[in-house]
Structure formats: C-alpha cells, structure tokens
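The values are calculated or read from the model by the stated rules, or taken from the named source; none is laboratory data. This one's a predicted model, so the numbers in the text were calculated from it and none came from an experiment. Backbone-built Cβ (ideal geometry, glycine too); neighbour counts: all protein chains shown. Just so you know, the surface numbers come from the protein's heavy atoms only, side chains and all, with ligands and any DNA or RNA stripped out. Shrake-Rupley method; radii C 1.70, N 1.55, O 1.52, S 1.80 Å.
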Amino acid sequence: PPVASSPRHALELLKFGAPAQLVNGAMSAGQDEVRHAQSCFELASRFSQQQKHNKAKAEKMTEKKKKKNKTVNGGSKEEEKKTDLATPVYFSPGPLNIDRARRLAKTLPEMAVELMQDGCVGETEAVLIAARQLLTATDPHVRKTLQAIVQEEAKHAELAWKTLAWSISQKEQGGKVLQAVLPVFEKELSKRTKTTTVIRSGAIDSKQVRTLQRYGVVNESAILEVNKISAVLVKGLMDDVQTMFEEKKTTIIKSKVNGNEQENQKNAPSTAHWTTFNPLKRVEAAIKQVSSLG
C-alpha cells in the first residue's frame with residue numbers, strides 16, 4: 001500500500017545516495033498517503049453508518065406492515081433482530097504483514113523499474129482518475145477528499161518523474177537504468193486500461209449510476225477518456241527523460257574529445273539536469289484537460 005511504500009522508497013533513496021530533496025519528498029509523500037487513507041476510512045465509516053440508518057428505516061416500515069397483519073393472522077412468535085443504531089461504525093487499517101513486504105531494491109535499475117510502475121505511471125494515472133471523479137462528485141465530504149488527493153498526488157507524480165530523471169542522470173548507472181525501465185514502461189502503458197472505480201455498461205440502472213457518480217464513481221467511457229489523456233502524458237514525460245539522457249550523453253562525449261571532461265560536464269545544458277526537469281507543468285495541464293471533460 002502507498003502508506004508503507006513511501007517510507008520504503010525513502011530508504012532505497014538513502015541506500016543509493018539520492019539528494020536530500022528527493023528523500024525529503026518521499027517522506028512527505030508518505031505523510032500525504034496517511035492523510036488520504038484516513039480520509040477514505042472516514043468516508044467508509046460515514047457511508048456504513050448511513051447504510052445502517054437506511055436499513056433501520058426499512059425495518060421500521062416492515063414492522064408497521066407486520067403489526068397490521070397481526071390482527072388477521074395472529075402475528076409471529078419470533079422477533080427479528082433490529083439494526084443497532086446506538087453503536088457507531090468505524091473503519092480503520094489492520095496489521096501490516098511485514099513478512100510479505102517487498103525487500104529493498106538491490107540495484108538502482110531495480111529501484112527505477114519499481115518507481116516507473118508505481119510512481120511514474122501509477123501516480124500519474126491516479127491523479128487524473130481523481131480529477132475525473134471530482135468532476136461529477138457532488139457529495140461535499142467526497143469532494144474535499146478528492147481535492148486533496150488531486151493536489152497532493154500531482155506532487156507525488158512530479159516527485160516520481162524527477163527521481164527517475166535523477167536515476168538516469170547517474171554517470172555509471174544511467175544507461176542501465178534507462179535500458180531496464182523502457183520495456184517496463186511500454187508494458188505498463190499498454191496494460192493499464194481498467195480501474196476498480198468503473199461502472200460497466202449495463203451493470204446497473206441509470207438511477208444507480210447517478211447516485212454513485214455523486215460519490216465520485218465514474219463510468220467506463222469516462223475512464224477510457226482519461227486513459228487516452230494519461231497515455232499521452234506519460235509518453236511525453238518519458239520522452240522528456242530520454243531527451244535529457246541523450247543530451248547528457250552527448251555532453252560527456254564532447255568532454256572526452258576535448259580532453260576536459262570535468263569542465264564541460266559542469267557547463268552541460270540545463271535541460272540535461274534533473275533539477276531543472278519540470279514534470280508538474282505537464283501533469284497540471286493534463287488535469288485541466290480532464291477537468292474540462294463533459
């Protein structure tokens with residue numbers, strides 16, 4: 001789960017000597033994920049309590065009908081158990097099975113592959129899905145949660161792409177990182193076509209669809225629209241990272257030819273340095289595009 005994966009990723013960054021900016025970002029992302037989980041558990045508890053009230057209301061109406069039938073049929077000796085409204089419902093996380101947790105990556109390319117799957121593609125996709133859910137959600141509690149998720153997940157996506165760019169910029173390992181990441185990227189891009197928050201066509205009636213959309217659940221066609229935008233976004237970001245790598249590689253080659261590698265490396269083009277990479281600009285543009293969908 002994201003709550004546990006962020007601290008794990010921070011440890012991996014420390015293991016591979018990542019800059020403090022990236023380590024701090026991973027730790028902050030972990031705190032964001034804790035808040036997201038808390039908000040979602042609160043929503044689940046609220047919905048469950050609401051369901052109990054609806055059930056109790058239905059029971060009350062059934063009881064009235066039974067009382068009318070008692071005068072005719074003599075009633076029933078068995079009393080049905082009534083819904084308990086006095087005890088509130090609270091959902092919270094259970095114990096985490098640490099024994100089954102993934103170990104830390106052994107190499108930088110291995111870390112980058114997992115980062116590509118869970119961070120670059122996963123977080124980027126998540127923020128666009130949340131933006132689409134926000135478009136139709138009207139419940140104030142759901143909207144507040146989704147607004148926080150969109151804002152913070154956009155920063156998580158930015159962090160993932162900047163971390164990937166840093167990994168590829170490493171002099172000794174950069175080429176190996178890119179070589180390991182590219183096939184995984186293509187695979188992830190092709191298989192991410194569904195989500196658990198989809199209302200499939202014909203599965204439920206239109207009245208239920210409108211009810212669920214109020215709480216941020218969207219239909220299949222909406223998800224397909226978002227997937228198209230997401231695919232263009234992550235492909236563009238990956239192209240940016242590859243371009244950065246090619247520019248850096250070209251600079252190093254020129255340095256060796258000129259016999260002054262250290263000086264030319266320092267004067268490399270700004271676009272070839274991970275700190276100047278700005279994936280958030282692309283992500284925010286995609287969020288606006290999703291928010292304009294009807």
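Take segment 29-44 and flag every residue that is of a type in the set (Gly, Ala, Ser) and either open to solvent by 100 Å² or more (accessible area, probe 1.4 Å) or more than 19 Å from Ser167 (Cβ to Cβ) (or both). Please lay out each step first, then the result.
As a first pass, look at segment 29-44 and keep what is of a type in the set (Gly, Ala, Ser): 29-30, 37, 39, 44.
Scanning segment 29-44 gives Gly30, Ala37, Ser39, Ala44.
Could you list, in sequence order, all residues of segment 229-260 that are among the charged types (D, E, K, R), open to solvent by 50 Å² or more (accessible area, probe 1.4 Å) and at pLDDT below 80?
Those that are among the charged types (D, E, K, R), open to solvent by 50 Å² or more (accessible area, probe 1.4 Å) and at pLDDT below 80: Glu247, Lys249, Lys254, Lys256.
For segment 176-194, enumerate the residues that are in a helix (DSSP H, G or I) and either at pLDDT below 90 or open to solvent by 40 Å² or more (accessible area, probe 1.4 Å) (or both). Can you show your working first?
So in segment 176-194, the residues in a helix (DSSP H, G or I) come out as 176-191.
Passing the criteria: Lys176, Gln179, Leu182, Pro183, Glu186, Lys187, Glu188, Leu189, Ser190, Lys191.
Considering every residue within segment 5-23, establish whether at least one is within 22 Å of Arg143 (Cβ to Cβ), in contact (Cβ under 8 Å) with a residue 12 or more places away in the chain and open to solvent by less than 70 Å² (accessible area, probe 1.4 Å). Explain how you work it out, then say what you get.
To start, the set of residues in segment 5-23 that are within 22 Å of Arg143 (Cβ to Cβ) comprises none.
So far as segment 5-23 goes, no, none of its residues is within 22 Å of Arg143 (Cβ to Cβ), in contact (Cβ under 8 Å) with a residue 12 or more places away in the chain and open to solvent by less than 70 Å² (accessible area, probe 1.4 Å).
Which residues, counting only those in segment 278-289, are more than 15 Å from Glu123 (Cβ to Cβ) and in a helix (DSSP H, G or I)?
First, the residues of segment 278-289 that are more than 15 Å from Glu123 (Cβ to Cβ): 278, 281, 285, 288-289.
Answer for segment 278-289, where residues must be more than 15 Å from Glu123 (Cβ to Cβ) and in a helix (DSSP H, G or I): Lys281, Ala285, Lys288, Gln289.
Within the set of pairs 6 or more residues apart or between chains, which connect a residue that is closer than 9 Å to Ala137 by Cα inside segment 212-226 to a residue that is open to solvent by 50 Å² or more (accessible area, probe 1.4 Å) with Cβ atoms less than 7 Å apart?
Partner pairs satisfying both residue conditions: Arg214/Thr138.
For segment 195-228, how many residues are modelled with pLDDT under 85, part of a loop (DSSP other than H, G, I, E, B), of a type in the set (D, E, K, R) and surrounded by 12 or more Cβ atoms within 10 Å (Cβ to Cβ)?
0
For the list (1) at pLDDT below 80; (2) open to solvent by 30 Å² or more (accessible area, probe 1.4 Å); (3) within 30 Å of Val113 (Cα to Cα), I need the number of the one condition that Ala272 fails.
(2)
With the requirement that a residue be in a loop (DSSP other than H, G, I, E, B) and under 26 Å from Ser169 (Cα atoms), what does segment 103-142 give you?
Filtering segment 103-142 down to residues in a loop (DSSP other than H, G, I, E, B) leaves 103-107, 137-139.
The answer is Arg103, Leu104, Ala105, Lys106, Thr107.
Spot the failing condition for Glu110; the list is (1) modelled with pLDDT of 95 or more; (2) within 30 Å of Arg46 (Cα to Cα); (3) charged (D, E, K, R), and only one is missed.
Among (1) modelled with pLDDT of 95 or more; (2) within 30 Å of Arg46 (Cα to Cα); (3) charged (D, E, K, R), the lone unmet condition for Glu110 is (2).
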